[in-house]
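Where a number appears in this text, it was derived from the coordinates with a stated rule and is not lab data. Note that the structure is predicted; figures quoted are calculated from it, not measured. Here the Cβ positions follow ideal geometry from the backbone for every residue, glycine too, while neighbour counts run over all protein chains shown.
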Amino acid sequence: MGHWVAWGAVNAALSVAAGAFGAHALKARLPEALLVTFETGARYQMYHALALIAVGLAMGARPSSLFSAAGWAFTVGIVLFSGSLYALALSGVRGLGAVTPLGGVAFLTGWVLFAIAGFKLGR
């Protein structure tokens, strides 16, 4: 339980730091489209940081391999989705955008696993 809450909190802090970096340090340096891309990465990192905290709390109520798998899927999604958007925005290398959908699939997988675990918990 605790490690998912902790990783969620770490990712939330990193998301806030990335958002502040984007809003202050990058605003004058990046074209608007790349700044929006960077901000999207920070926003989705925060959403899924909160999802990791929810996984940790759910694991505290009832440990489940499905909850744990959801946590791993959210983590992979953060790395692939947000990470690729950060890298794309900072480097301008468009090819990095090809990785982003893989992160989106990981996020979707995490939510489906979380839902299945929640339905099983309700039985």
Other residues with Cβ under 12 Å from the Cβ of ALA117 give, with Lys and Arg +1 and Asp and Glu -1, a net charge of +3
Treating the angle as unsigned and between 0 and 90°, give the value, to the nearest 10°, between the Cα long axis of helix 32-61 and the longest Cα principal axis of the chain.
20 degrees
Please order THR100, THR40 by the number of other Cβ within 10 Å, starting at the fewest.
THR40, THR100
Enter the angle in degrees (range 0 to 90, nearest 10) between the Cα long axis of helix 100-121 and the first principal axis of the Cα atoms of the chain, meaning the one along which they spread out most.
20 degrees
All-pairs Cα distance distribution in segment 53-92, expressed in whole percent, bin size 10 Å:
30, 34, 22, 12, 1
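Quote the Stokes-Einstein diffusion coefficient, in whole µm² s⁻¹, for the chain, based on the Kirkwood radius over alpha carbon pairs, a temperature of 20 °C and a viscosity of 1.002 mPa s.
Once the numbers are plugged in, D ends up at 146 µm²/s.
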